[in-house]
Amino acid sequence: MCVNAQNTDEFCLKLYKVNALIQKNHYAPKAINNSFSEYLFDNFLKQLDRNQTIFLQHEIDSLSAYRHLLDDAIFKTQCGFMADFMHYYQRGLKRNLAILQELKEESFESEPSDTLYFVREETPTYFKNAEQIKKIFRKRLTYEVLELVARSSKNKDSLYGQLPVLAEKLRLQQLDNYMCSYENFLNPSPNLDGYMTHLFINEFCSYFDPHTNFFNSDDKTGFVNSISSSNLGFGLIMELSENNEVHINDILTGSPAFRDPLIEKGDRLIRVKFGEEDMEVNCVHMNAVNTYFFSDNYKLLDLTFRKKSGINYQTRLHKEVLKNYENTCYSFLIEGQKKLGYVYIPSFYSNIEGNATNVYDDLLYELNHLKSLGAKGFILDVQFNAGGDMLQAMNMISLFVNQAPVAFFNHRRLGPELLYNFNKKPVYKEPIVLLINGYSASASELFAYALQDQNRAVLLGQKTYGKGTIQTFFPMDEDTEDSELLKITIEKMFRMNGKSHQRLGVQPDITTPALLENLYLREEDYTTALETEEIETGYINKNKLPKSYTKAIAVAKARIPQRNHFKEIAHFNEEFIQQKTGKDTIPLTFEVLFNQIVIENNLFKRFDEVSENTFPLSLKLLDKDKKNIQFNSLLQTMLETKKQRALSNPDIFEAVQVLYDML
């Protein structure tokens, strides 16, 4: 396959428009020069070939002629280079399919005298010929097969006796999975041309910062759904099995799929038809399936499923607006020394695009119910909340803060803009503990530091993600209703003292350890993340933390190191890092792999034990939820899961003690 002239011209024009929009609107635009060209070349190849097993070294040498020319190509709108990338990429995929077919003809060697290296090099190295790729495939295949056998039973002697038969069966299954993956790489949605140009444009955008992105219509739908309390759907939750089959994992109560008497959990998806589009679901990439199920472009589908009995059936489903319970506030009443309210805020969702509710209204609803039941203080939880609509965050801040300045948003051309809360009196005056962690980002961080700076809440948990930038959408074509979009970073957030939390995160007043927190990926880990900086504000914060809050913080800081569950978390983190550090090689023998898996199983058994600890809290469903779950079994299951999750969170247990001290 090659890129035809028309596609090349469209791609080049699109790149030119992308650059023009970014240069005009980005908070800190960068020059398109040789440094840019090197970054784009290296990272585009990295995205195409993460394991350096698709391209050969002589192909990379040939493509390297473009390493310092991509900037010129974009300015001159001469994008013929993509044809060469596509040619070598497609050739590499086909080569690997042929290699996998050759490996199918081999037999499994149960005890090869070989070693697999897990060395991560900063500079990618590529193989010289197909035989070297075949050798590394054979090693990885041996490793995965031996690992699968070793994980299938705890009886090593029994497994060793069955090793040849088990390994050969698994070897063929793994090879089929490999081949399926490469077929998907060769035939992505919508096509290879579209996939590669879309990937290239997004790598172009990432040069400016990690949050500047290119969105086609399906990307836009997925993004909106991720921050929405409702979205269009059939009510089917699909999953990909180990055999690359797509099955129904769950069905949302009351949804179009729920009302179809034929559809059941466990049914396998065989075919998807939309108008003239007809896709057989056999070794397809899950993204292709998700496009049909989640894109608003596909509102009516003819679906063919297969029952476990082997019987096929066809049904037609229309998408409807469905409540997204996973992205909606929920709460529990905590009964103890005093009644407290706990509210989880999953994101700062809004009622854009016709969605049912927004987080501000939902939070009001939950808090009012909790107050009516006698709650004297609140635990607000934005752990794992990646952000969302900044206006929703500002509205929520106004519920708890007196009339006061909150933050600055700094624009490249317009300069700093003061965000001010004009509400003279807060709606809620009860004490608040706000839970944060390394996944709390963006709008969550604004919400957190605004309450912290106004001494309105005590922050408990771990340092936040560190995303202090703001993005907005720009249409690629203003005259087209369903235009492709650019999400561009246009502003940076600053606290009232003039400091940005960009890269740094928001520090809690009370720090607790979290399982595997050393593995959290944060803003500072991205090479193109914008730097932190300060601006002059002249603001002097005259608010003082109430003495009861100060005392509660001090008591908690002394108490936390003595808590057994926090000691267990800290100890497990150290043990995990020790187990995972320094293991760059492993002999490809069943004995070594089995023993390693025993160690890992014991480690993760301890992880489960630590993470599933439950704490002596009395969490009660609100009456409104009790009424709703009578008619919605899925909601009942979800709320029960959320309750168990809350009971297993040591930060919530600690927050209860802190609130009692604050009261």
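Where a number appears in this text, it was derived from the coordinates with a stated rule and is not lab data. Treat the numbers as computed from the prediction; the structure is a model and nothing was measured. Reconstructed Cβ throughout: ideal geometry from the backbone, glycine too, with neighbour counts over all protein chains shown.
At a glance:
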{"quantity": "When the convex hull of its Cα atoms is projected in every direction, mean area for the stretch 380-505 (nm²)", "calculated": "8.8 nm²"}
{"quantity": "Distant-in-sequence amide H partners of Phe127 (H built 1.01 Å from N, under 5 Å)", "calculated": "Gln57"}
{"quantity": "Over the chain: Kirkwood hydrodynamic radius from C-alpha pairwise inverse distances, Å", "calculated": "28.2 Å"}
{"quantity": "Rounded to the nearest 20 debye, dipole of the chain from Cβ charges on Lys, Arg, Asp, Glu", "calculated": "2500 debye"}
{"quantity": "Candidate lysines for bridging to Lys547, where Cα separation is under 27 Å - those fewer than 8 sequence places away on the same chain excluded", "calculated": "Lys338, Lys339, Lys371, Lys376, Lys424, Lys425, Lys429, Lys463, Lys499, Lys557"}
{"quantity": "Ranked packing of 628-638, 381-391, most packed first, by mean Cβ within 10 Å", "calculated": "381-391, 628-638"}
{"quantity": "Share, in percent, of DSSP beta bridges within the chain that are antiparallel, nearest 5", "calculated": "80 percent"}
{"quantity": "Cα gyration tensor category, rounded, prolate or oblate, for the stretch 230-323 with a/c compared to 1.5", "calculated": "rounded"}
{"quantity": "Global geometry of the stretch 410-455, whether rounded, prolate or oblate, following the gyration tensor of its Cα atoms and the 1.5 cut on a/c", "calculated": "oblate"}
{"quantity": "Mean ellipticity per residue at 222 nm, deg cm²/dmol - from DSSP H runs of n ≥ 4 across the chain, formula -39500 (n - 2.57)", "calculated": "-14000 deg cm²/dmol"}
{"quantity": "Proximal aspartates and glutamates relative to Lys128, as straight alpha-carbon distance under 12 Å, when same-chain residues fewer than 8 apart are discounted", "calculated": "Glu59, Asp61"}
{"quantity": "Cβ-Cβ FRET estimate between Ser158 and Asp608, R0 fixed at 30 Å, reported to 0.05", "calculated": "0.75"}
{"quantity": "Cα centroid separation - the stretch 384-434 against the stretch 21-82, whole Å", "calculated": "40 Å"}
{"quantity": "Cα→Cβ-extended label distance, 7 Å offset, between His571 and Glu183, nm", "calculated": "5.1 nm"}
{"quantity": "For the stretch 326-662, fraction of C-alpha pairs farther apart than 31 Å, in %", "calculated": "39 percent"}
{"quantity": "HN-Hα J in Hz across the stretch 30-46 - Karplus 6.51, -1.76, 1.60, θ = phi - 60°, x for Gly and Pro", "calculated": "10, 6, 8, 9, 5, 4, 4, 4, 4, 4, 5, 4, 5, 7, 5, 5, 5"}
{"quantity": "Protection proxy ranking of 306-312, 469-475 - average other beta-carbon atoms within 10 Å, highest first", "calculated": "469-475, 306-312"}
{"quantity": "Under 15 Å, Cα to Cα: Lys pairs in the stretch 592-645, sequence gap 8 or more or different chains", "calculated": "4"}
{"quantity": "Prolate/oblate/rounded label for the stretch 5-206 (Cα gyration tensor, a/c 1.5)", "calculated": "prolate"}
{"quantity": "Ordering of 457-468, 267-278 by burial proxy (mean other Cβ atoms within 10 Å per residue, highest first)", "calculated": "457-468, 267-278"}
{"quantity": "Whichever lysines have a C-alpha closer than 30 Å to that of Lys307, once near sequence neighbours (fewer than 8 apart) are set aside", "calculated": "Lys169, Lys265, Lys273, Lys299, Lys319, Lys323"}
{"quantity": "Percent of Cα-Cα distances greater than 18 Å, calculated over the stretch 509-559", "calculated": "65 percent"}
